[in-house]
1. Limited to the range 196-214, what total is found for residues that are more than 20 Å from residue 309 (Cα to Cα), open to solvent by 50 Å² or more (accessible area, probe 1.4 Å) and not β-branched (Val, Ile, Thr)?
2. In the range 256-273, what residues are open to solvent by 10 Å² or more (accessible area, probe 1.4 Å) and among the charged types (D, E, K, R)?
3. Does residue 352 qualify as being among the basic types (Lys, Arg), over 27 Å from residue 383 (Cβ atoms), open to solvent by 10 Å² or more (accessible area, probe 1.4 Å) and modelled with pLDDT of 90 or more?
4. Please go through the range 274-295 and give me each residue that is assigned to a helix (DSSP H, G or I), surrounded by fewer than 21 Cβ atoms within 10 Å (Cβ to Cβ) and among the aliphatic types (A, V, I, L, M), ordered by number.
5. Would you be able to tell me the number of residues in the range 415-440 that are buried (at least 21 other Cβ atoms within 10 Å of the Cβ) and part of a helix (DSSP H, G or I)?
6. Against the condition more than 30 Å from residue 306 (Cα to Cα), touching a residue at least 12 places away in the same chain (Cβ under 8 Å) and of a type in the set (Gly, Ala, Ser), how does residue 98 come out, does it pass?
7. From the set of residues in the range 104-119 that are hydroxyl-bearing (Ser, Thr, Tyr) and surrounded by fewer than 24 Cβ atoms within 10 Å (Cβ to Cβ), which is farthest from the chain's Cα centre (by Cα)?
8. Can you pull out the residues in the range 436-460 that are in contact with a helix residue (DSSP H, G or I) (Cβ under 8 Å, 6 or more places away or on another chain), more than 30 Å from residue 92 (Cβ to Cβ) and of a type outside the set (Val, Ile, Thr)?
Amino acid sequence: MNVGLIILVIYMIAILGLAIYASKKDKKTIADFATADSSLGVFVLTLTFSATYHSAYAFLGAPGFVYTHGIGWWANGIWTVFPGILFWLIGRRFWLLGKRHGYLSLSEYMSDAYDSNLVGLLVTLITMVFTVPYIAMQAIGSGYIFDTISNGALSYEVGTIIFFVIMIALVWLGGMKGVSLTDAAQGVFMWVGLVIGSFIIIKGNYPSVSAAYTEAFKVIPEHFTLPGPQGLITGGDWISRWVVITIGMMMFPHVTLRFFSGKSLRVLKWSSVFSSIYLTSIYVFIPAIGMAGHLLMPGLANADTILPELLLKYTPMVFAALVISGALAASMSTGDSQLHAVGSMLATDVYKKYVNKDASEQKQYHVAKVCILILGVISVIVALIKPGLLGNILALSNGGVASLAPAVLGGIYYKKASKEAAIASIITGEVAMLLTTFVIPSPLGLMPGLWGLIVSIIVYFATSRFTNPSERAVELISEINDFFYANN
């Protein structure tokens, strides 16, 4: 009998129970499905944002990255603090606009701010395209988890499909309320698994964390240098990685939906503070795990599985299974949120605008569910192909959406923002990112996503100088500035 697998099944049943509970409060309207009618409090909003922001990458990709590339990974820890800061600085502006104008998505706001359905459609299509590999990353992580904890009894493929079924069920049952409630529970599991689990592994094999580093340095000193054993963590890579991931993540629909979901500005403010603390603290022992893993399990075929492998080998099975449930929580909390967000966007920003302009709230609600199912199937197919290490998938996905940032932020800060600038910056930024990813070597050692962002910024401001600003964007920015000036 596989005790670990049984515990994992019990965990999944418990999470489904929470989703069923949330479904009883579901109003079956697109507003409730998409943003929970802006009803989330500090505790739930903090954990749903944090658990959604960091995913299978936290439990699998990050330890695997250290195992492969060394201590340079921790330089990227800067992007664990900034998300909370940006959640407040950017999120409060969107929260206000959502309250006053009823926006349910980033695309809806963009269409209005630039008085252009094309701008909103570009945002929807780009976020959808680059969300698919991100969801696939969660499915990949779950496939590894099921394969590892069952000792191969459940293959990677079977685990991936199980993840898909559970993820769809979580989203269908409760929408934003269900996703947020299960995210909160999974966020707790995620923190306990990463922090407590990692600490127990280290203390079980070394007198202290510093002793683990000392022993690792004797065997793999090259992992304590920059740019690392494979030469990856250069200055350009470091700058690229934290800029692209930090900015890119804030453009994903599963994050931007949470801008609109808080009960009040006070909730948003404290969720920003606590999420920065949460996101930073979960990684405190990860570099030590990656380093010690080389001593305890050298030559691991798949570096992304180092943490669950160490848990199963060096901690009691019951504890290991509970902690690995945290890894599954990390995958599901992001995967279900991403599916929910993109499905909601397709219903409100594509179906409502271009297919059935008279669609009722209930009709959009049902269309969102169908879109979620289709996107889920596509994502799982991508996951079954096993496209690469989780860290590489993370960089590609974030790079794809980072090019949206100038147009998105320009619409809430820059009074010269124009429709032409938004369209030109989005298109040229995406072209630059794709060219430096698939056609030409990325110059100066910078990641393709950063080149896409740089080109997008230059084109946005250059085009704005020679085109007429969007009157609607100017109105919205003035409205935002007047509100926060009056309330300071």
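1. At the first step, the residues of the range 196-214 found to be more than 20 Å from residue 309 (Cα to Cα) are 207-208, 210-211, 214.
Filter once more, keeping what is open to solvent by 50 Å² or more (accessible area, probe 1.4 Å): 207, 210, 214.
Still in the running and not β-branched (Val, Ile, Thr): 207, 210.
Total satisfying the criteria: 2.
2. Across the range 256-273, the qualifying residues are 263, 266, 269.
3. Details: among the basic types (Lys, Arg): yes; over 27 Å from residue 383 (Cβ atoms): yes; open to solvent by 10 Å² or more (accessible area, probe 1.4 Å): yes; modelled with pLDDT of 90 or more: no.
Answer is no for this residue.
4. 277, 295, listed by residue number.
5. Initially, the range 415-440 is screened for residues buried (at least 21 other Cβ atoms within 10 Å of the Cβ), giving 417-419, 421-422, 425-426, 429-430, 432-433, 436.
Right, trim to part of a helix (DSSP H, G or I) and you get 419, 421-422, 425-426, 429-430, 432-433, 436.
Of the residues in the range 415-440, 10 are buried (at least 21 other Cβ atoms within 10 Å of the Cβ) and part of a helix (DSSP H, G or I).
6. Numbers: more than 30 Å from residue 306 (Cα to Cα): yes; touching a residue at least 12 places away in the same chain (Cβ under 8 Å): yes; of a type in the set (Gly, Ala, Ser): yes.
Yes; evaluated as a whole, the condition is true for this residue.
7. To start, the set of residues in the range 104-119 that are hydroxyl-bearing (Ser, Thr, Tyr) comprises 105, 107, 109, 111, 114, 116.
Next cut, surrounded by fewer than 24 Cβ atoms within 10 Å (Cβ to Cβ) only: 111, 116.
On the way: 111: 24, 116: 27 Å.
Within the range 104-119, the match that is farthest from the chain's Cα centre (by Cα) is 116.
8. 442, 443, 444, 445, 446, 448, 451
The values are calculated or read from the model by the stated rules, or taken from the named source; none is laboratory data. As the structure is a computational prediction, the values presented were derived from the model and not from experiment. Quick reminder, even Gly has a Cβ in these numbers, built from the backbone with ideal geometry, and neighbours come from all protein chains shown. Remember, those area values only see protein heavy atoms, side chains included, never the ligands or the DNA or RNA. Shrake-Rupley method; radii C 1.70, N 1.55, O 1.52, S 1.80 Å.
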